[in-house]
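The values are calculated or read from the model by the stated rules, or taken from the named source; none is laboratory data. Predicted model, so just to flag it, every value in this text is computed and none were measured. No Cβ is skipped: glycine too gets one built from the backbone with ideal geometry, and neighbour counts run over all protein chains shown.
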Amino acid sequence: MKEEKKMNLAIVTIATCLSIGAGIAIAKDAGTTPSITPKAMADALHLVMDSDRAVYTKRIVNRLVKKEKVIKASEHFEDDKALVLPAQMFRFGAEMVAKRAEEKPDVNFSYSLQSLWPINKQNAPKTDVEKEGLKFVAENKGQNYYATEELGGTEYFTAVYADTAVAPVCVSCHNDHKDTPKRDFKMGDVMGGVVIRIPISG
C-alpha cells in the first residue's frame, strides 16, 4: 500500500512538472512577455515610497524629536546637527533616483512631493494635472488621481497620491513653521501629495 502511494505521488509530481514545462514552452513559442500597466507600476512605486516615508517619520523623527526629545529635526540639519526632515529625505531620494536613472534608459520615471500649501515654494504644483490631482486627493480622502498629460512632446501617465499627517511631528512642524501658508493641520489631514510621472510615448 505504501509503495502504491509513493508511485501515485511520483506520477502526480512528474505530471505537474511536465505541465509547468509545457506552459513555459507555450509562452516562449507565443513570444509573450510579462507586462505591467503604468497604473500598476505607479501604485507599486507609491506603496514603497509611502511605507518608507511613514517608517522614517514615525519610528525615527517622531520618536526622537517628540517622544524622547533627544534631538531635533531641522531643514538646516547640517548646521543644526539635526535630523533631516521627512520631506527633505523624500526629496533627496527622488533626486538620487533621477540621477541614477540617467544611466539606465529602461528605468524611466520621476516622483516628487508637492502641496497646495507648500512651505518651500518650489514644491507647489506647476502643471494643470498636478493642480487638479492635488485638489482631488485633498477633497476625496482615500482616493488617488490618475491622468495623462503631454510635456515637451512626450505623453506621461501621471498619478497623484495623498500625503497625510501620520505623526504629531508632521502637524507641529507645518503649523509652526514661519513660512507656512496653513496653520491648522490635524492628524490624518491631507497635507500634500506624491506625484509619480511615467512616460508612455514619445
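If you filter the range 160-202 down to residues that are touching a His at 6+ places or on another chain (Cβ under 7 Å) and buried (at least 19 other Cβ atoms within 10 Å of the Cβ), you find that the one that is farthest from THR57 (Cα to Cα) is ILE196. For the range 65-110, filtered to residues that are among the hydrophobic types (A, V, I, L, M, F, W, C) and assigned to a loop (DSSP other than H, G, I, E, B), the residue that is surrounded by the fewest Cβ atoms within 10 Å (Cβ to Cβ) is VAL70. Listed by first and then second residue, the pairs with beta-carbon distance under 6 Å, at least 6 apart or on different chains, first residue in the range 187-202 and closer than 16 Å to THR127 by Cβ and touching a residue at least 60 places away in the same chain (Cβ under 8 Å), second in a strand (DSSP E or B) and aliphatic (A, V, I, L, M), are GLY193/VAL160; GLY193/ALA162; VAL194/LEU113; VAL195/VAL160; ILE196/ALA159.
For ALA44, are the conditions met, namely being at pLDDT 95 or above, out of contact with any helix residue (DSSP H, G or I) (no Cβ under 9 Å at 6 or more places or on another chain) and closer than 20 Å to THR158 by Cα? Before you say what the answer is, go through the steps one by one.
Working: at pLDDT 95 or above: yes; out of contact with any helix residue (DSSP H, G or I) (no Cβ under 9 Å at 6 or more places or on another chain): yes; closer than 20 Å to THR158 by Cα: yes.
Against the criterion (at pLDDT 95 or above, out of contact with any helix residue (DSSP H, G or I) (no Cβ under 9 Å at 6 or more places or on another chain) and closer than 20 Å to THR158 by Cα), ALA44 qualifies.
Which members of the range 111-132 meet the condition of being touching a Ser or Thr at 6+ places or on another chain (Cβ under 7 Å) and buried (at least 20 other Cβ atoms within 10 Å of the Cβ)? Listed by number, the list holds a single entry, VAL129. Among the residues making up the range 145-186, those that are β-branched (Val, Ile, Thr) and more than 14 Å from LYS39 (Cα to Cα) are THR154, THR164, VAL166, VAL169, VAL171, THR180.
Considered as a group, the residues in the range 148-159 that are assigned to a strand (DSSP E or B) and of a type outside the set (Ser, Thr, Tyr) include one that is surrounded by the most Cβ atoms within 10 Å (Cβ to Cβ), and that residue is ALA159.
To keep it simple, each residue is scored yes or no on (1) assigned by TED's automatic domain parsing to the domain that holds ASP179; (2) of a type in the set (D, E, K, R); (3) touching a Phe, Trp or Tyr at 6+ places or on another chain (Cβ under 9 Å); (4) touching a residue at least 60 places away in the same chain (Cβ under 8 Å).
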{"residue": "LYS58", "(1), (2), (3), (4)": "yes, yes, no, yes"}
{"residue": "ASN62", "(1), (2), (3), (4)": "yes, no, no, yes"}
{"residue": "VAL70", "(1), (2), (3), (4)": "yes, no, no, no"}
{"residue": "ASP79", "(1), (2), (3), (4)": "yes, yes, no, no"}
{"residue": "GLU103", "(1), (2), (3), (4)": "yes, yes, no, no"}
{"residue": "LEU113", "(1), (2), (3), (4)": "yes, no, yes, yes"}
{"residue": "ASN140", "(1), (2), (3), (4)": "yes, no, no, no"}
{"residue": "THR148", "(1), (2), (3), (4)": "yes, no, yes, no"}
